[in-house]
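Taking it in order: structure first as structure tokens, then the write-up.
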Amino acid sequence: LAALSAAFRCGPGIVGHLGAARALRDPAGGLVPTLAVVLGVSVAMLSTVMLGAVTRGAETAVWNEVGASARLSGRATDEVLDRASEIDGVTAAGRISQTTDDRPLTVGGETESVRIWVVDDSMEDVWAGSPLIEAPGPELFTPGAIVTGGEVAIDAGEGTLGGVGDVRVVGHLDTIPGTIATSRWVLVAESTWHA
């Protein structure tokens, strides 16, 4: 108030100076009004932080459940993907599919039986354009790379995967965005799978 009074003293008019001087000489407040203002501001700030945390958590959960901006379930042929890519606003489309049986993954003397999920190489662009998804990084799409998931204890190293050959584990995820996976699985890029 003293700073305001000094600033208004030099300015044009007397109203600002008199108001600040009056409040400085005879404050109308006291402990109760000050506590009310502090409590009100504290509740407003806490509510804002809580709302932001809850909203962000809900958005992240929805993005990870869907796996992208939109998801199609069922048999997505190349024709379906091409048609989906032609829709206005669609920047990338890809598919994830799983094999019908479990395969052995051996890394550093440890062997685990895993289900293989094959991921189109275009899923790199889909996941890159999905801001709140916990997805594998671009290293999955390098030759021979896989990402383990679920209850698989192996999260790094080089080894072999049945049906694929020599592999390099480049990460671990708890879930695959947009799918309901079994408890033990690996992600393999389509180019690695076909090679």
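The values are calculated or read from the model by the stated rules, or taken from the named source; none is laboratory data. From a predicted model like this one, the values you see are computed outputs, not experimental measurements. With ideal geometry, Cβ positions are generated from the backbone for all residues, glycine too; neighbour counts draw on all protein chains shown. The accessibility values were calculated without ligands, DNA or RNA, using every heavy atom of the protein model including side chains. Shrake-Rupley method; radii C 1.70, N 1.55, O 1.52, S 1.80 Å.
Screening Ser191 with (1) surrounded by fewer than 19 Cβ atoms within 10 Å (Cβ to Cβ); (2) free of Cβ contacts under 8 Å to residues at least 40 places away in the same chain gives one miss only, at (2).
Only one residue in Arg103, Arg75, Arg83 is over 15 Å from Thr148 (Cα atoms) and not in a loop (DSSP other than H, G, I, E, B). Which one? I'd like the intermediate steps shown before the answer.
Numbers: Arg103 fails: over 15 Å from Thr148 (Cα atoms); Arg75 fails: not in a loop (DSSP other than H, G, I, E, B).
Just a single option satisfies the conditions, and that option is Arg83.
For the stretch 108-124, filtered to residues that are of a type outside the set (Ser, Thr, Tyr) and over 14 Å from Gly149 (Cβ atoms), the residue that is most open to solvent (accessible area, probe 1.4 Å) is Glu110.
In the set Thr91, Thr175, Thr192, Thr179, only one residue is at pLDDT below 90 and outside any loop (DSSP other than H, G, I, E, B); that residue is Thr192. Inspect the stretch 83-103 for any residue being surrounded by 13 or more Cβ atoms within 10 Å (Cβ to Cβ), more than 20 Å from Leu173 (Cβ to Cβ) and touching a residue at least 24 places away in the same chain (Cβ under 8 Å) and give the result as yes or no. Yes. Taken over the stretch 145-168, residues that are at pLDDT 90 or above, under 14 Å from Arg184 (Cα atoms) and open to solvent by 30 Å² or more (accessible area, probe 1.4 Å) amount to 0. I want to confirm something. Restricting to the stretch 3-13 and keeping residues that are in a helix (DSSP H, G or I) and open to solvent by less than 60 Å² (accessible area, probe 1.4 Å), which single residue is modelled with the lowest pLDDT? Among them, the one singled out is Ser5.
For Ala70, the test of being closer than 30 Å to Asp166 by Cα, outside any helix (DSSP H, G or I) and either touching a strand residue (DSSP E or B) at 6+ places or on another chain (Cβ under 8 Å) or of a type outside the set (Ser, Thr, Tyr) (or both) is failed.
What do you reckon, is Ala23 of a type in the set (A, V, I, L, M), in a helix (DSSP H, G or I) and more than 21 Å from Pro131 (Cβ to Cβ)?
yes
Restricting attention to the stretch 125-144 and to residues that are open to solvent by 60 Å² or more (accessible area, probe 1.4 Å), closer than 11 Å to Ala189 by Cβ and in contact (Cβ under 8 Å) with a residue 24 or more places away in the chain, the residue that is farthest from the chain's Cα centre (by Cα) turns out to be Pro143.
Among the listed residues Glu59, Glu65, identify the single one that is open to solvent by 80 Å² or more (accessible area, probe 1.4 Å), in contact with a Leu (Cβ under 9 Å, 6 or more places away or on another chain) and not hydrophobic (A, V, I, L, M, F, W, C).
So the residue among Glu59, Glu65 that is open to solvent by 80 Å² or more (accessible area, probe 1.4 Å), in contact with a Leu (Cβ under 9 Å, 6 or more places away or on another chain) and not hydrophobic (A, V, I, L, M, F, W, C) is Glu59.
Against the condition open to solvent by 60 Å² or more (accessible area, probe 1.4 Å) and small (Gly, Ala, Ser), how does Ala76 come out, does it pass? Judged against the criteria, Ala76 is not a match.
Gly16 passes every criterion in (1) assigned to a helix (DSSP H, G or I); (2) open to solvent by 90 Å² or more (accessible area, probe 1.4 Å); (3) at pLDDT below 80 apart from (2).
Quick check on my filter: what residues within the stretch 140-172 are assigned to a loop (DSSP other than H, G, I, E, B), of a type in the set (A, V, I, L, M, F, W, C) and out of contact with any helix residue (DSSP H, G or I) (no Cβ under 7 Å at 6 or more places or on another chain)? So that I can check it myself, show each step before the final result.
Residues of the stretch 140-172 that are assigned to a loop (DSSP other than H, G, I, E, B), as a first pass: 142-144, 151-156, 162-164.
In the following step, the residues that additionally are of a type in the set (A, V, I, L, M, F, W, C) were identified as 152-154, 156, 164.
Residues satisfying the conditions are Val152, Ala153, Ile154, Ala156.
Screening Gly29 against (1) on the phi < 0 side of the Ramachandran plot; (2) at pLDDT 75 or above; (3) of a type in the set (Gly, Ala, Ser) leaves a single unmet condition, (2).
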